[in-house]
Amino acid sequence: MGFSVGLAGTRCIGTLCPLRPRPFQSLLLVLWTLLNCVLGSSAQGPGEWTPWGSWSRCSSSCGRGVSVRSRRCIRLPGEEPCWESGHEYRVCQLPDCPPGAVPFRDLQCALYNGHPVLGTQKTYQWIPFHGAPNQCDLNCLAEGHTFYHSFGRVLDGTPCSPGAQGLCVAGRCLSAGCDGVLGSGALEDRCGRCGGANDSCLFVQRVFRDAGAFAGYWNVTLIPEGARHIRVAHRSRNHLALMGVDGRYVLNGNWEVSPPGTYEAAGTRVVYARAAAPQETLQAAGPTSQDLLLQILLQEPNPGVQFEFWLPRERYGPFQVQTQALGWPVRQPQPREVEARAPIAPPPLMPTLAPDPCPPCPDTRGRAHRLLHYCGSDFVFQARVVGRHRQAQETRYEVHIQLIYKNRWPLRTREYVWAPAHCPCPPLAPQQEYLMALRRLVSPDGTQDRLLLPHAGYARPWSPAEDSRIRLAARRCPV
């Protein structure tokens, strides 16, 4: 093995020669290493986008179209292309096109009328053809012939097909998200918030089983103003009924069964479906602009009415469980807060009774509750309770009527009022005067005719103020 003398007298064995670098060589080595590290790390990531530009003018002169904005990708040598797209499209809505206006796709096909195509001198009149695979190609049918021709892509903003919500952009059919951006995929949550996570609203869900054995209308729940994604269902020969705050029935009112279909109520569309199972459903997207009273028209025992809807949290609060006048609870883990029930004073000369085991009644205060019950009732009067008798799962009150505000049938001075529970809500105390709204219930065989105080119905202690409020409700309620 030979050796030689290298730089600075260093011995080299073969081709291996350990060099002793000079100071400037060490500095160059450090700079070269740092530069490679920087470039190497940059090459692993994408470039950066410039800010978005302004939105372009709408592609259409009337109706729906698209506008676009762009951005540029800034890349250093060795960097990857920027992620995502450099163009963003959104729907623009201009005033509706005048009646008789030629559709956008028809105009594009008509541009080729009278021009030779297909390599011949023959000309044709072209109309849109919608049976081709790619609906964002300008496929036009030669009038009077059995062939069509594709003239490339349609212009951006062309509807994908007649009546469709999607629009063609760069040859692709895109639907707008709730943010108005085409292809974003953004959806509204159950609260109506675009891209939300259902955390700004409350979910109300319950099965209503409280109903007596008498045929007639029974209150199920009050659907409050602002409710969304309403769904009601039951399986029986009974019928769902819906009443507005003005006391007028939207559906299945006045003992008349409405046909299935779509109904307008409280600013939303209610889809009513009935199957032969038997089964009925009500669905509405909402939000409701007013309260709605949901009822069940009984013809047979009630197996249960399932209902659910969503309410805005900022309006009804995360701890509020009595979210509407009839008091059905919101499904929340917090402790329930309900108005304590007024104690019933024992009759004179009677021994003191043990505390009533009945649970508290739901809160039934509010103008909407008063108006709904006044308009939907058969009788409204002022009466003194002179007796109370509990039997089985019902409570019977004997009342002395003092002033009648509303009666669809004649009344006697003394009547019996029935409440469909052993623990009626609201409770009526003997020897006290009340304003009450009642319904007439007749048994299917016609042998029993009763005045019914519905569960969580209207019965308030009489006072001059309450008298004024009920008279105001009478003026707002149609005859």
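We did not get these values from a lab; they are worked out from the coordinates using the rules stated. Remember, predicted model here, so these are calculated numbers, not experimental data. Positions of Cβ are generated from backbone atoms using ideal geometry, with glycine treated the same way; all protein chains shown enter the neighbour counts.
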Study note, to complete from the structure: FRET efficiency (His145, Ala170; Cβ distance; R0 22 Å; to 0.05) is 0.15
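Using a/c under 1.5 as the rounded threshold, could you call region 96-137 rounded, prolate or oblate? The axes a ≥ b ≥ c are square roots of the C-alpha gyration tensor eigenvalues, and prolate needs a/b larger than b/c, oblate otherwise.
Values: a/c = 3.41, a/b = 1.50, b/c = 2.27.
Note, shape of region 96-137 comes out oblate.
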Review point. With point charges of +1 on the Cβ of Lys and Arg and -1 on the Cβ of Asp and Glu, referenced to the Cα centre of region 367-476, which listed residue (Gly376, Leu411, Ala474) lies farthest in the positive direction of the dipole?
Key: Ala474
Review point. By count of other Cβ within 10 Å, fewest leading, how are Thr123, Thr146, Thr413, Thr395 ordered?
Key: Thr146, Thr413, Thr123, Thr395
Review point. When Glu225, Glu264, Glu48 are ordered from fewest to most other Cβ atoms inside 10 Å of their Cβ, what list results?
Key: Glu264, Glu48, Glu225
Practice item. Principal axes first, then extents: for the Cα atoms of region 201-316, list largest minus smallest coordinate on each axis, whole Å, largest first. Key: 40, 25, 24
Exercise for review: Would you pull out the residues with amide H under 5 Å of Thr395's amide H, same chain only if 5 or more places away, H placed 1.01 Å from N?
Suggested key: Ala419, Ala421
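According to the square roots a ≥ b ≥ c of the eigenvalues of the Cα gyration tensor, what is the shape class of region 367-476, taking rounded for a/c under 1.5, prolate for a/b larger than b/c otherwise, and oblate for the remainder? Provide the component values of the computation, followed by the final result.
Values: a/c = 1.57, a/b = 1.33, b/c = 1.18.
Judged from the Cα gyration tensor, region 367-476 comes out prolate (a/c at least 1.5, a/b above b/c).
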Review point. Distance from the Cα centre of region 242-279 to that of region 402-419, in angstrom?
Key: 29 Å
Practice item. Taking the dipole about the Cα centre of region 201-316, with the C-beta of Lys and Arg at +1 and of Asp and Glu at -1, give me whichever of Gln290, Val245, Val305 is farthest to the positive side. Key: Val305
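Before anything else, pin down the relative contact order of region 402-479: Cα pairs under 8 Å, at least 6 apart, normalised by residue count, whole percent. Write out the running numbers ahead of the final one.
Values: 77 pairs, mean separation 24.1, N = 78.
Relative contact order for region 402-479 comes out at 31 percent.
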Practice item. Pairs of Cα atoms under 8 Å, at least six residues apart: use those to get the relative contact order of region 201-316, whole percent. Key: 47 percent
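What is the sum of charges, Lys and Arg at +1 and Asp and Glu at -1, for the other residues whose Cβ falls under 13 Å from the Cβ of Cys73?
Numbers: positive: Arg71, Arg72, Arg75; negative: Glu48, Glu79, Glu80, Glu84.
Here the count lands on -1.
Neighbouring Cβ atoms within 10 Å as the yardstick, rank Ile230, Ile223 fewest first. Walk me through the intermediate numbers first.
Working: Ile230 23, Ile223 29.
Sorted ascending by nearby Cβ count, the order is Ile230, Ile223.
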